[in-house]
Amino acid sequence: MPPARRGSGGGGERRDRRDDRRGGAAERGTAYLEKIVAINRVAKVVQGGRRFSFTALVVVGDGNGLVGVGYGKAKEVPAAIAKGVEAAKKNFFRVPRIGGTIPHAVQGEAAAGVVLLKPASPGTGVIAGGPVRAVLECAGIQDVLSRSLGSSNPINVIHATVAALKSLNRPEEIAARRGLPIEHVAPAAMLRARAAAASAAAVPEPEPTGSSR
């Protein structure tokens with residue numbers, strides 16, 4: 001009777017470790033904002049004992065309206081974070097903004113998580129807890145009010161926040177849908193904030209002056 005092949009499982013584990021190291025090295029020097037929301041240890045019961053691995057919930061964004069959420073799992077924490085970053089980059093979506101806040105109040109639901117987001121005046125800051133704050137800051141939202149109305153599980157809260165941001169509508173979209181000018185749809189304060197943000201982005205930065213001769 002031929003001996004059992006014992007090297008197949010070990011070779012697979014070695015290949016997984018090599019893949020994990022390559023994934024972690026590929027993320028070095030990234031230009032995106034990365035925030036780790038939660039890291040959990042997972043135990044799988046197999047023949048001969050328990051096998052441990054780690055999961056990482058990561059939020060990635062450019063700080064200018066682009067954000068994504070990813071979930072990675074690996075035998076080591078850095079590899080799990082790298083996989084979470086890769087998954088988040090595949091789930092990027094654009095968040096509508098007016099100045100530094102959101103266009104209107106919105107409520108998102110995912111599983112048992114319920115998150116309420118409301119626009120705020122400039123200077124308010126991000127009034128939110130850890131998971132919600134991570135998503136809003138990576139999306140570039142500077143002034144917003146939030147409240148978690150459901151589960152406190154970070155995964156549910158994160159997905160509820162993403163659902164709320166994805167359901168936001170721009171004033172132009174609502175005006176086009178109703179067949180009205182944007183002045184009849186958006187409040188005057190929102191239009192002034194958008195005009196101020198557009199003028200601030202259009203003004204070029206002053207060039208540095210040279211040394212006096």
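Some points to look at:
- Of residues in region 149-171 being touching a Pro at 6+ places or on another chain (Cβ under 8 Å) and not basic (Lys, Arg), the one nearest to Asn40 (Cα to Cα): Pro154
- Exactly one residue among Ala25, Ala80 is open to solvent by less than 70 Å² (accessible area, probe 1.4 Å), modelled with pLDDT of 90 or more and farther than 29 Å from Arg97 by Cα, and that residue is Ala80.
- Qualifying residue in region 131-142 (condition: surrounded by fewer than 20 Cβ atoms within 10 Å (Cβ to Cβ), at pLDDT below 95 and of a type in the set (A, V, I, L, M, F, W, C)): no
- Region 83-101 - residue that is β-branched (Val, Ile, Thr) and within 14 Å of the chain's Cα centre (by Cα) and, of those, surrounded by the fewest Cβ atoms within 10 Å (Cβ to Cβ): Val95
- Residues of region 105-114 that turn out to be more than 12 Å from Lys166 (Cβ to Cβ) and crowded, with 18+ Cβ neighbours inside 10 Å, as a count: 2
- Yes/no for Leu117 being within 16 Å of Ile158 (Cα to Cα), touching a residue at least 40 places away in the same chain (Cβ under 8 Å) and crowded, with 22+ Cβ neighbours inside 10 Å: yes
- Test: Gly63 is more than 18 Å from Ile155 (Cα to Cα), free of Cβ contacts under 8 Å to residues at least 40 places away in the same chain, open to solvent by less than 70 Å² (accessible area, probe 1.4 Å) and small (Gly, Ala, Ser): no
- Enumeration of residues in region 27-66 that are assigned to a strand (DSSP E or B) and among the β-branched types (Val, Ile, Thr): Ile36, Val37, Ile39, Val42, Val45, Val46, Thr55, Val58, Val59, Val60
- Condition broken by Gly123, with the remaining ones in (1) open to solvent by 60 Å² or more (accessible area, probe 1.4 Å); (2) closer than 20 Å to Ala195 by Cα; (3) touching a Gly at 6+ places or on another chain (Cβ under 9 Å) satisfied: (3)
- Qualifying residue in region 28-42 (condition: buried (at least 16 other Cβ atoms within 10 Å of the Cβ) and of a type in the set (D, E, K, R)): yes
- Taking region 109-180 and the helices (runs of 4 or more DSSP H) fully enclosed by it, the elements with 2 or more residues that are out of contact with any Phe, Trp or Tyr (no Cβ under 6 Å at 6 or more places or on another chain) and β-branched (Val, Ile, Thr) are at 130-139, 154-166.
The values are calculated or read from the model by the stated rules, or taken from the named source; none is laboratory data. On a predicted model such as this, the values are computed, not experimentally measured, just so you know. Reconstructed Cβ throughout: ideal geometry from the backbone, glycine too, with neighbour counts over all protein chains shown. The protein model used for the area step is the full one, side chains on, heavy atoms only, and it has no ligands, DNA or RNA in it. Shrake-Rupley method; radii C 1.70, N 1.55, O 1.52, S 1.80 Å.
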